[in-house]
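The values are calculated or read from the model by the stated rules, or taken from the named source; none is laboratory data. Keep in mind it's a predicted model, so treat the numbers as computed, not measured. All Cβ positions, glycine included, derive from the backbone under ideal geometry; neighbour counts span all protein chains shown. Please note that ligands, DNA and RNA were not included when accessible areas were found on the heavy atoms of the full protein model with its side chains. Shrake-Rupley method; radii C 1.70, N 1.55, O 1.52, S 1.80 Å.
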Amino acid sequence: MMAEATGSRKPLVEVAGVPLQAAMVDNWSQIQNFEAKPDDLLICTYPKSGTTWIQEIVDMIQQDGDEVKCQRAIIQHRHPFIEWARPPQPSGVDKANAMPSPRTLRTHLSTVLLPPSFWEKHCKFLYVARNAKDCMVSYYHFQRMNNVLPDPGTWEEYFETFVNGKVAWGSWFDHVRGWWDMRDRYQVLFLFYEDIKRNPKQEIQKVMQFMGKNLGEAVLDKIVQETSFEKMKENPMTNRSTVPKSLMDLSISSFMRKGTVGDWKNHFTVAQNEKFEEIYRKKMDGTSIRFCLEL
Ligand code: A3P
């Protein structure tokens, strides 16, 4: 565990034009050769789209609403992160291989970089998308406090880095479009962060049905409560308070920062917003996906 105590802002390395952490790229053949199993459930997200939130929801459903069982480990350790690599610790692939089935795994990889066996085995994919503007704001603050990712620079600089897809895991536009296009060809439950925020019970019910579970009203209500932003912010198993400060400095920005829809309005200037809208129109031309930008 010693290695976990030292963060270092190493430059990202590109695979097929997608910037990734160097240690992941060093381990790329193990990641690409990962053997998925037909009963795997893969949680897929672009970074800062509500990964931790949907992980906790999925775990609460699997544990039939028993929050004590969800306290068994920090959330990062409950669902192996397929592309994660920080030698000499076991990689995400090693952890997944050591896990009994049925497995719940997670990834931030785009459809282009996903290990092919996930498609071949027709696994279930649970994708959560978040509107690009709030995602950018959340990622900016995350990079300020996360010493493993590159320094984000100023907000103005970060705006350019983000829209050009030069952040870890690449372009938001390509990621979201790629997964949206897969939803009719594979078993993909495509959810939106904003919908979960607006109507958590309804969205949690969709997840439950997708997972083939049937929980009663009282359990569903409990899951809604236990996975609220306020609860998860106070929960040491989800709020990253156990991560060494050298890796995540929560005094710079909390991991559970705001958990809202529309925080972009506090960051984007009018000019940035206009520029962003123009870029968005071009990059998302021809797709039917629609995002909600405020509640
Ligand atoms: P903000 O930075 O906008 O607050 P990820 O888990 O993919 O890294 O995403 C982190 C983002 O999801 C953060 O957004 C975090 O606050 C938000 N989040 C985490 N749990 C949440 C919850 N229960 N409800 C709403 N937002 C949540």
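Only one entry in Lys133, Lys166, Lys124 is under 30 Å from Gln225 (Cβ atoms), of a type in the set (Lys, Arg) and open to solvent by 20 Å² or more (accessible area, probe 1.4 Å), namely Lys124. When you scan segment 208-220, do you find a residue that is within 12 Å of the ligand (Cβ to nearest atom) and closer than 21 Å to Asp64 by Cα, even just one? Within segment 208-220 (the criterion being within 12 Å of the ligand (Cβ to nearest atom) and closer than 21 Å to Asp64 by Cα), the answer is no, since none of the residues qualifies. Confirm whether Val224 is within 17 Å of Cys135 (Cα to Cα) and either modelled with pLDDT of 95 or more or among the polar types (S, T, N, Q) (or both). For Val224, the condition - within 17 Å of Cys135 (Cα to Cα) and either modelled with pLDDT of 95 or more or among the polar types (S, T, N, Q) (or both) - is not met. For the condition touching a Pro at 6+ places or on another chain (Cβ under 9 Å), open to solvent by 10 Å² or more (accessible area, probe 1.4 Å) and either of a type in the set (D, E, K, R) or away from the ligand (no atom under 15 Å from the Cβ) (or both), Asn97 qualifies.
Count of segment 137-149 residues, restricted to those that are under 30 Å from Gln205 (Cβ atoms) and in contact with a helix residue (DSSP H, G or I) (Cβ under 6 Å, 6 or more places away or on another chain), is 1. Taking the condition open to solvent by less than 20 Å² (accessible area, probe 1.4 Å) and either among the hydroxyl-bearing types (Ser, Thr, Tyr) or within 11 Å of the ligand (Cβ to nearest atom) (or both), does Ile204 pass? Taking the combined requirement at face value, the residue does not satisfy it. Kindly indicate whether any position in segment 265-282 is open to solvent by less than 60 Å² (accessible area, probe 1.4 Å), within 12 Å of the ligand (Cβ to nearest atom) and modelled with pLDDT of 95 or more. Yes - at least one qualifying residue is present in segment 265-282. Restricting attention to segment 28-65, the residues that are within 20 Å of Val112 (Cα to Cα), open to solvent by less than 10 Å² (accessible area, probe 1.4 Å) and either within 16 Å of the ligand (Cβ to nearest atom) or of a type in the set (A, V, I, L, M) (or both) total 9.
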